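First up is the structure itself, then whatever we jot down about it.
The values are calculated or read from the model by the stated rules, or taken from the named source; none is laboratory data. All figures in this text were calculated on a predicted structure; none of them were measured in a lab. Quick reminder, even Gly has a Cβ in these numbers, built from the backbone with ideal geometry, and neighbours come from all protein chains shown.
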Amino acid sequence: MKVAVTGGTGYVGAMLVDALLQRGDEVWIISRSEKQMSSNPKLHTITWSKLAESPVKLEGIDAIVNLAGESISRRWTKEGKSAILQSRLNAARAIGKVVEALQRKPSVVVNASGISIYGTDRTKVSDEWSPAHITDFLATVVEKWEAAANRIEVKRLVKLRIGLVLGMKGGAFPKMLLPYRLLAGGRIGSGKQWIPWIHEDDMIRLILFCLDEPNIQGPVNACAPEPVTNNEFGRAIGKAMRRPHWFPVPAFVLKAVLGELSFLLLEGSRAVPRKALELGFEFRYDTVQDALRQLVSRK
């Protein structure tokens, strides 16, 4: 299979590229830089600007995975919010133009999305058939992001609604461990907010599953079957690291320090991966205890 990956130098993207190469696929990384990442003859790079000038360079591509987008873990100033939104819209639109220009269209596009589209109602469980609840900035971003992806003219479009990816090499999780290393871990805010999470290994396996499974399309929740509350998550971290879980951080402190960005820590969706499970995907880490135990022992 020939697969193009945007965001292929980021945390999840780099792991995906490695996994694709390991199984023998040919990979094209679409990036702002054309720096060759490896001597592997099956790995190629192309810049967004060159691809816009000559989409034919991806003629014959079988699949595209779009993971491009500015990190949401930045100050949510007016400029920061604009960068978060526009980076996602621009990437989806650019992919749409590439697909439109190709004589032979890829059979599937997997476009990253966000679990936050379901809103933050703590009383309900959300799966891929649940309605969107656009009540905050992140939900608005996801709504517009998916609308842009829907315009990609491809036979099979997967909108991968990603939760918190657990891994030691990148993302938000390593920062979440720091208070426990300093013996200052504890619940955040009320501790009742839900955390839809997924182990990094399952994250990559799920993307490959979406590429290979012809019956999966539309929204797909990239989260483990058992979401946990913030308090439960913290207790599991403490147990895995053999550190106390006792030092709560009040919501008003986070809001004072982080401003609107504190929303990331104080709210969450109780989402489950119904579609992937019904189509036969098997999670290696379906409980947060197993996931954290594996990650801490690996480290």
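Is it true that A251 is out of contact with any strand residue (DSSP E or B) (no Cβ under 7 Å at 6 or more places or on another chain), small (G, A, S) and either surrounded by fewer than 18 Cβ atoms within 10 Å (Cβ to Cβ) or closer than 19 Å to I117 by Cβ (or both)?
Numbers: out of contact with any strand residue (DSSP E or B) (no Cβ under 7 Å at 6 or more places or on another chain): yes; small (G, A, S): yes; either surrounded by fewer than 18 Cβ atoms within 10 Å (Cβ to Cβ) or closer than 19 Å to I117 by Cβ (or both): yes.
Taking the combined requirement at face value, the residue satisfies it.
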**Complete:** Residues in segment 159-200 that are in contact with a Lys or Arg (Cβ under 8 Å, 6 or more places away or on another chain), surrounded by fewer than 14 Cβ atoms within 10 Å (Cβ to Cβ) and under 20 Å from R243 (Cβ atoms) total 3
**Asked** Here are some conditions: (1) within 27 Å of G10 (Cβ to Cβ); (2) surrounded by fewer than 16 Cβ atoms within 10 Å (Cβ to Cβ); (3) over 19 Å from the mean Cα position of the chain (by Cα); (4) free of Cβ contacts under 8 Å to residues at least 12 places away in the same chain. D290 meets all but one. Which one does it not meet?
**Response** (2)
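Could you list, in sequence order, the residues of segment 7-55 that are touching a Phe, Trp or Tyr at 6+ places or on another chain (Cβ under 7 Å) and not charged (D, E, K, R)? Spell out how you get there, then give the answer.
Here is the first cut: in segment 7-55, the residues touching a Phe, Trp or Tyr at 6+ places or on another chain (Cβ under 7 Å) are 30, 32, 44, 46.
Within segment 7-55, I30, H44, I46 qualify.
Quick check on segment 46-66. Is at least one of its residues under 18 Å from K144 (Cβ atoms), without any contact (Cβ under 8 Å) to a residue 40 or more places away in the chain and of a type in the set (D, E)?
Here is the first cut: in segment 46-66, the ones under 18 Å from K144 (Cβ atoms) are 66.
Checking the rest, the ones that are also without any contact (Cβ under 8 Å) to a residue 40 or more places away in the chain come to none.
For segment 46-66, residues under 18 Å from K144 (Cβ atoms), without any contact (Cβ under 8 Å) to a residue 40 or more places away in the chain and of a type in the set (D, E): absent.
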**Enumeration of residues in segment 88-134 that are exposed (fewer than 14 other Cβ atoms within 10 Å of the Cβ) and polar (S, T, N, Q)** = Q103, T123
**Request:** Please find, within segment 257-268, the residue that is modelled with the lowest pLDDT out of those that are surrounded by fewer than 16 Cβ atoms within 10 Å (Cβ to Cβ) and farther than 17 Å from R187 by Cα.
**Result:** E260
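Considering segment 1-47 alone, what residues qualify as being in a strand (DSSP E or B) and more than 17 Å from L208 (Cβ to Cβ)?
Within segment 1-47, I30, S31, H44, T45, I46, T47 qualify.
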**Message:** I'd like the full set of residues that are in a helix (DSSP H, G or I) and more than 16 Å from L164 (Cα to Cα), limited to segment 285-299.
**Reply:** R293, Q294, V296, S297, R298
**Request:** Scan A224, A236, A271, A276 and give me the residue that is at pLDDT 95 or above, surrounded by 18 or more Cβ atoms within 10 Å (Cβ to Cβ), touching a Lys or Arg at 6+ places or on another chain (Cβ under 9 Å) and closer than 24 Å to V142 by Cα.
**Result:** A271
**Item:** Among the residues listed as I115, I72, the single one being at pLDDT below 95 and aliphatic (A, V, I, L, M)
**Value:** I72
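Would it be correct to say that V141 is closer than 27 Å to V27 by Cα and surrounded by 16 or more Cβ atoms within 10 Å (Cβ to Cβ)? Steps first, please.
On the way: closer than 27 Å to V27 by Cα: no; surrounded by 16 or more Cβ atoms within 10 Å (Cβ to Cβ): yes.
Criteria not met by V141.
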**Scan of segment 203-219 for residues that are of a type in the set (V, I, T) and touching a Phe, Trp or Tyr at 6+ places or on another chain (Cβ under 9 Å), ordered by number** = I216
**Request:** Identify all residues within segment 213-265 that are assigned to a strand (DSSP E or B), farther than 18 Å from R293 by Cβ and of a type in the set (V, I, T); write none if there are none.
**Result:** V220, T229, V249
**Message:** For segment 48-67, give me each residue that is within 25 Å of the chain's Cα centre (by Cα) and in a loop (DSSP other than H, G, I, E, B).
**Reply:** I61, D62, L67
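Given the structure, is E232 in contact with a Gly (Cβ under 6 Å, 6 or more places away or on another chain) and not small (G, A, S)?
Values: in contact with a Gly (Cβ under 6 Å, 6 or more places away or on another chain): no; not small (G, A, S): yes.
So E232 does not fit the description; no.
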